[in-house]
Amino acid sequence: MARWLSAAAVAAATLVGGCGGGLYLTLGPADNPPNVSLAASPATAARGETIGLIAAASDDYRVVEVAFFRVDAGGDTLLGRDSSAPYALTTVIPAGASGAVSYFARATDDAGQVGESRTVTVAVH
């Protein structure tokens, strides 16, 4: 009976696939995107001061890298990448910053899936 069931499943997949439909089979456990959180130190800094960004990233299989971004008016600016834990980066508060500067981290796993942290804000004085 198992042979008949397998043959029927292949025939159904071929028929549905040929009609533009879809039949999706997955084997093994589901692969989830990575989880990542970000912290900045210090939480308050002056223009030109160096701050540290550290990300905690985990995945059900493997985190390949964490990329660090600054949120800018014209779009997000990639500051750097780290491919080994602890995922960390030092950066300088921009000379033109006023009020606050925001950052986030993006983790990528070995399947190419991406997870992003919440935005962390550093007050500029």
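Computed from the coordinates by the stated procedures, all read-outs in this text should not be read as laboratory data. This is a predicted model, so every value here is computed, not measured. Methodologically, a virtual Cβ is constructed for each residue, glycine included, from the backbone with ideal geometry; neighbour enumeration extends over all protein chains shown.
Only Cα pairs under 8 Å and at least 6 apart count here; give the relative contact order of the stretch 35-124 as a rounded whole percent.
38
Taking amide H positions as placed in the peptide plane 1.01 Å from N, state which residues far from residue 60 in sequence (5 or more) or on other chains have amide H under 5 Å from it.
32
Quick one: net charge around residue 31, please, counting Lys, Arg +1 and Asp, Glu -1 for every other residue with C-beta under 11 Å from its C-beta.
In short, -3.
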